[in-house]
Amino acid sequence: MTGGPLVLGIESSCDETGVGIVRGHTLLADAIASSVEEHARFGGVVPEVASRAHLEAMVPMIDRACRDAGVRLDDLDAIAVTAGPGLAGALLVGVAAAKSLSVALGKPLYGVNHLAAHVAVDIVEHGPLAEPTMAMLVSGGHSSLLLVPDITQDVRSLGSTIDDAAGEAFDKVARVLGLPFPGGPHVDRVAVDGNSGHVFFPRGLTSGRDMERHRFDFSFSGLKTSVARWVEARERAGEPVPVADVAASFQEAVVDVLTRKAVLACREHGVDDLLIGGGVAANTRLRAMARERCDAAGIRLRVPRPGLCTDNGAMVAALGAAMVSRGCAPSALDLPADSSMPVTLVQV
Ligand code: KG4
Ligand code: ZN
């Protein structure tokens with residue numbers, strides 16, 4: 001295993017069919033097919049459409065990843081696959097493909113947590129993780145603060161969203177502003193020309209009492225409603241909606257809360273390293289404010305490049321390679337696809 005174990009990772013929990021190949025800490029291939037355009041007209045991911053698209057894309061993506069990496073399936077040391085959380089039918093396609101490869105090739109199989117993989121992907125970008133690392137995971141389905149002593153087997157939850165996920169809030173506000181799905185990248189783009197001080201939107205769960213009961217939890221549903229009400233009031237009055245200013249003001253509220261709580265979690269738990277992962281970590285303003293606040297607090301910040309923040313197969317391969325390197329035992333061949341896999345369970 002010169003350079004570390006060679007691992008192929010399969011991701012199919014939502015609308016991206018991703019197959020990545022990693023050797024140790026080095027990314028060799030990251031093949032992705034997305035069905036996002038097929039869902040756009042519905043304004044959200046349609047599970048059956050996603051499953052069908054995974055079925056069609058899986059073998060071509062496996063072939064492409066091997067070609068890009070210049071390896072043969074026989075060369076692999078292990079197969080890793082997202083076992084959960086995610087859409088049940090979509091997960092099943094990836095899990096079935098991974099099991100078939102494992103049996104046909106006689107290679108060990110690792111069924112891993114999608115959320116832990118969002119954290120582990122940074123290994124291929126910035127090297128091994130500090131232990132412990134504080135991880136903030138912000139995606140379309142999840143917003144969590146995690147204390148991570150060992151990404152291969154010990155992930156602890158400090159808090160999470162009590163209603164909408166951060167990415168969900170971006171997507172819903174984008175819809176209110178007439179921007180396409182998925183909204184996050186569009187809000188990010190139009191906000192560049194907006195004034196983030198135009199409207200002061202509420203910062204959920206940051207008041208004195210909430211900080212006692214929900215110190216590291218998030219809430220974005222009130223913020224989304226507040227933006228919708230503000231926009232409706234403008235429309236009712238027949239006034240134009242300043243889309244860029246509203247987008248920037250909304251984004252500022254989300255990013256302010258996320259970075260404030262992440263830095264506080266690091267301070268209170270004596271952790272000097274913060275890693276931000278998940279689709280929303282691609283957000284320009286989040287990356288900038290996190291950098292400022294971490295610098296001021298003496299915290300080392302790591303954020304994978306935007307292309308590795310959204311769903312992909314490389315993240316699954318990266319976590320699988322870390323597990324093989326650590327000597328973790330493989331999963332059973334009858335491992336389940338667990339749509340509600342808890343964030344604290346790294347491997348099934
Ligand atoms: O991690 P991910 O690709 O899929 C899930 O596991 O959910 O995250 C997708 C989410 C979507 O809500 C999308 O709008 C959001 O990440 N997102 C962004 C940006 N790029 C993607 N949100 C804000 N700014 C972005 N640049
Ligand atoms: Zn994800």
Would you mind telling me which numbered condition in (1) farther than 22 Å from ALA33 by Cα; (2) away from ligand 1 (no atom under 16 Å from the Cβ); (3) not hydrophobic (A, V, I, L, M, F, W, C) SER143 fails?
-> (2)
Could you please give the count of residues in the range 13-29 that are within 16 Å of ligand 1 (Cβ to nearest atom), surrounded by fewer than 24 Cβ atoms within 10 Å (Cβ to Cβ) and more than 13 Å from ALA50 (Cα to Cα)?
-> 0
Right, VAL271: modelled with pLDDT of 95 or more and within 13 Å of ligand 1 (Cβ to nearest atom) or not?
-> no
Counting just the residues of the range 254-268 that are within 16 Å of ligand 1 (Cβ to nearest atom) and free of Cβ contacts under 8 Å to residues at least 40 places away in the same chain, which one comes out farthest from PRO185 (Cα to Cα)?
-> THR259
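Take the residues of the range 100-109 that are touching a residue at least 60 places away in the same chain (Cβ under 8 Å) and in a helix (DSSP H, G or I): which is surrounded by the fewest Cβ atoms within 10 Å (Cβ to Cβ)? Before the answer, list the steps.
Pass one, the range 100-109, residues touching a residue at least 60 places away in the same chain (Cβ under 8 Å): 101-103, 108-109.
Filter again for in a helix (DSSP H, G or I), leaving 101-103.
Values: LEU101: 18, SER102: 21, VAL103: 12.
Step by step, filter the range 100-109, then rank; the result is VAL103.
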Looking at ALA237, ALA314, which one is more than 30 Å from SER35 (Cβ to Cβ) and either surrounded by fewer than 24 Cβ atoms within 10 Å (Cβ to Cβ) or of a type in the set (A, V, I, L, M, F, W, C) (or both)?
-> ALA237
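Confirm whether VAL187 is aliphatic (A, V, I, L, M), within 14 Å of ligand 1 (Cβ to nearest atom), in the same structural domain as ALA244 (by TED's automatic domain parsing) and surrounded by 21 or more Cβ atoms within 10 Å (Cβ to Cβ). Quick ask: steps written out before the conclusion?
On the way: aliphatic (A, V, I, L, M): yes; within 14 Å of ligand 1 (Cβ to nearest atom): yes; in the same structural domain as ALA244 (by TED's automatic domain parsing): yes; surrounded by 21 or more Cβ atoms within 10 Å (Cβ to Cβ): yes.
So VAL187 fits the description; yes.
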Assuming SER100 fulfils every condition listed in (1) away from ligand 1 (no atom under 16 Å from the Cβ); (2) over 17 Å from HIS54 (Cα atoms); (3) of a type in the set (S, T, N, Q) apart from one, which condition is it?
-> (2)
All conditions in (1) touching a residue at least 24 places away in the same chain (Cβ under 8 Å); (2) farther than 15 Å from ALA97 by Cα; (3) within 15 Å of ligand 2 (Cβ to nearest atom) are true of SER12 except (2)
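The values are calculated or read from the model by the stated rules, or taken from the named source; none is laboratory data. Because the structure is a prediction, the values reported are computed rather than measured. Because the Cβ atoms are built from the backbone with ideal geometry, glycine has one as well, and the counts that use them run over all protein chains shown.
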